[in-house]
Amino acid sequence: MRGDAEERRQFGEYFAARRDAVRRTAYLLCGDWHWAEDLTQVAFIRLADGWSRVRDRQALDAFVRTCLVRAYLSETRRLWRRRERPYGDPPEAVVPDDGPEALAQRELFARALRRLPPRQRATLVCRYYQELDVAETAAALGCSVGTVKSQTARGLAALRELLGDELPGALSGVGGR
Amino acid sequence: MTDLRELLADVAGEPGPPSRLTSDALFAAGRRRRARRRAALTGALAGLVVAVVAGAATVVGGPQAAPPRPGEPPVTAGPGATDLVQWVGAGDAEHVYQAYIRCAGSEWPWSPATQGTAGPPACDKSRFMVAESADGGRTWGALGAPVDPEGLVVLGPGRLAALAQGGLGLLVSTDGGATWSSAARGPDVVAAPAGAPLLCLADAVDAPCTLTVVDPVAHRYFALAEQPGVKVFPGVRAAVPAAVRDGDRLWIGGRTGDGRPAVAESPDAGRSWTVTPLPACAAAECPPPEVVAGPSGVRYAVATSPTDRQRWAAFRWSGPGRWEPAGAAPTGPVGTVVGWGYVAGDGRLVLVELRRSARVDIDRQRYWAAPPGGGQFVPVSPPGLPDTVYPVQRSADGCYYALSYSDRVLYRSADGWRWSPAGSR
């Protein structure tokens with residue numbers, strides 16, 4: 001029981017430190033805050049399940065990331081595919097200090113990202129937001145290195161096509177490998 | 001701001017609603033999950049030892065294994081005000097099943113107008129409980145034992161299958177979802193026994209699935225020895241009602257070895273297969289054809305147009321290996337065409353377009369159907385069917401069900417065109 005209490009405390013510390021980062025990654029994946037909340041819940045429940053097996057802090061992050069990405073890909077195929085979105089706009093509690101141009105740019109990019117197929121989106125988020133290499137991304141997605149490379153190339157090509165001339169130079173210098 | 005990392009970070013930094021997750025609740029849920037997983041593993045090992053000692057070679061309908069009972073006991077009460085319906089399935093016109101998750105705090109239906117902008121109540125999506133209705137959805141029995149499935153499938157009246165999360169394998173229920181047992185894989189079978197349901201099970205996220213016969217009574221599942229000549233990648237370790245069946249004739253949509261969209265067809269319950277490529281989008285981003293079953297031998301295959309990914313391509317089965325175009329897609333703008341449809345009682349294919357918008361509070365749908373005898377698809381409005389429903393379910397005896405995701409009301413129809421709430425019959 002004492003060990004359980006200690007694990008609960010450690011889990012609580014990790015949760016407090018990483019919840020927001022995990023939730024933001026989840027939001028990038030799915031584009032919906034409530035779905036992101038669900039995915040975060042799934043990832044941390046699986047972490048609690050396997051807590052005693054994963055102790056190294058670096059490994060914890062990788063474990064949660066893998067759970068998150070796979071939960072997202074799994075959810076996109078669930079029988080009860082998500083259709084409901086309780087509300088479209090987040091509350092205006094915290095507004096970043098951005099000008100209208102930056103807001104428009106962000107909205108444009110977010111819309112393009114949402115139109116990518118789930119696996120391409122997950123690959124780009126792992127590679128360019130989480131800054132994982134190809135092998136780490138393959139481990140997170142549970143696929144081969146070759147699949148990561150092809151999904152990255154396709155995802156970037158699709159983003160370029162969707163963005164067109166709207167964000168000139170946004171993806172220049174970003175390679176598919 | 002021209003760097004991809006910055007663009008992604010900018011989107012991730014958008015303001016969101018406050019989180020309702022708490023460390024204690026998640027830790028407790030994780031520990032429950034671990035207990036279930038260990039119980040399942042212990043049971044599976046015990047079953048394996050029994051099988052090895054007995055040298056059992058089981059066939060469909062053969063000797064019954066000693067199945068473990070991995071689940072928790074059933075909930076003794078029916079669905080309450082904070083139980084949220086997430087899924088519906090039908091065994092026949094009268095036996096209908098709904099899966100619920102339990103939410104804390106607020107009652108449903110939730111709406112920002114009545115309960116503020118803090119978001120809906122926190123719901124435990126790791127525990128689904130199934131309730132059975134024996135009167136077509138008018139009244140509901142007690143909630144069953146919690147399961148954590150990637151997918152639920154109704155195999156027949158009282159019989160369900162669930163692919164458990166976390167590598168727990170296939171679970172089956174023969175009491176309408178009240179209790180669940182692990183199913184073990186048996187030897188391959190040469191053909192699907194008469195009436196046996198078929199699922200497609202994948203071993204890994206990126207693996208093609210294997211067409212599998214499930215015997216829920218014997219707690220066994222069996223791969224077909226001769227697999228279809230198309231590969232189906234569910235994308236997860238999913239159990240989906242894969243093959244459409246009409247007596248001994250089976251159909252399944254997928255991709256050929258070189259990636260072409262195609263339908264595999266078996267005239268003899270899976271002993272042999274022929275593959276018919278379809279003129280549809282072959283790009284990896286386009287989903288493979290999906291075969292949709294209707295009444296009186298009516299079968300359709302729905303895929304993406306080879307020339308326009310915003311358009312569908314629909315084909316009607318006209319005999320072994322023959323698929324004829326079934327109506328032309330409209331030329332005007334359409335939104336996302338959902339990869340599902342249903343065949344109404346009059347044999348017409350009804351397709352669903354999902355109309356997404358960032359500025360509305362919920363995604364809505366538009367239904368399309370070609371006139372009888374063919375022609376161009378036009379928007380249709382089946383009376384009584386909301387524009388916010390999960391995929392329409394058709395029971396084996398031809399009754400239609402749909403669950404609305406806006407108000408969680410179950411709708412029912414005898415012909416797929418005229419709908420009414422199931423509880424109001």
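Only the coordinates and a few stated rules stand behind these numbers; no lab work does. Note that the structure is predicted; figures quoted are calculated from it, not measured. Quick reminder, even Gly has a Cβ in these numbers, built from the backbone with ideal geometry, and neighbours come from all protein chains shown.
Show me, for segment B:218-228, the HN-Hα J-couplings you get by feeding each phi into the Karplus relation (A = 6.51, B = -1.76, C = 1.60, θ = phi - 60°), rounded to Hz, glycine and proline as x.
The phi angles translate into 8, 6, 9, 9, 9, 6, 6, 4, 9, 7, x Hz.
Please list, in chain and number order, the residues 5+ apart from B:Ala326 or on another chain whose amide H is under 5 Å from its amide H, with Hs placed from the backbone.
B:Ala314, B:Phe315, B:Arg316
Please give, to one decimal in nm, the separation of the simple spin-label points placed at B:Ala194 and A:Ser144, each 7 Å out from Cα toward the Cβ.
4.4
Once the principal axes of the Cα atoms of segment A:100-168 are found, what is the range along each, listed largest first in whole angstroms?
39, 20, 18
Is there a simple number for the mean count of other chain Cβ atoms within 10 Å of the Cβ of residues in B:29-35, and what is it?
Whole-number average of other-chain Cβ neighbours for B:29-35 is 6.
How large is ³J(HN,Hα) for each residue in segment B:377-391, as worked out from phi by the Karplus curve 6.51 cos²θ - 1.76 cosθ + 1.60 (θ = phi - 60°), to whole Hz, x for Gly and Pro?
Result, rounded to whole Hz: 4, 10, x, 10, 10, x, x, x, 8, x, 8, 9, 10, 5, x.
Let me spell out the model: positive unit charges on the Cβ of Lys and Arg, negative unit charges on the Cβ of Asp and Glu, origin at the Cα centre of segment A:1-79. What dipole size does that give, in debye rounded to 20?
It comes to approximately 160 debye.
Using a 10 Å cut-off around each Cβ of peptide B:302-312, what is the average number of partner chain Cβ atoms that fall inside?
For peptide B:302-312, the averaged partner shielding equals 0.
Can you list the residues, at least 5 places off or on another chain, whose amide H is less than 5 Å from the amide H of B:Asp135, using H built in the peptide plane?
The answer is B:Val96.
Name the residue farthest towards the positive end of the dipole of segment A:100-168 from the options A:Ala157, A:Ala139, A:Cys126, assuming +1 on Cβ of Lys and Arg, -1 on Cβ of Asp and Glu, about the Cα centre.
A:Ala139
In Å and from the alpha-carbon atoms only, list the Rg and Dmax of segment A:1-41.
Rg then Dmax for segment A:1-41, in Å: 12.9, 40.
What order, most packed first, do the peptides B:411-420, B:372-381, A:127-136 have when packing is the mean number of other Cβ atoms within 10 Å of each residue?
B:411-420, A:127-136, B:372-381
Mind listing the Cα extents of segment A:1-79 along all three principal axes, in Å, largest one first?
39, 23, 20
Just subtract the alpha-carbon distance of B:Ala396 and B:Asp308 from 0.36 nm times their residue separation and send over the number in nm, one decimal.
28.3 nm
Per residue of A:32-39, how many C-beta atoms from partner chains lie within 10 Å of its own C-beta, taken as a mean?
Averaged over the peptide's residues, the number is 4.
Quick one: what Rg and Dmax do you get for segment B:273-336 from the alpha carbons, in Å?
Calculated on Cα positions, Rg and Dmax stand at 12.2, 38 Å.
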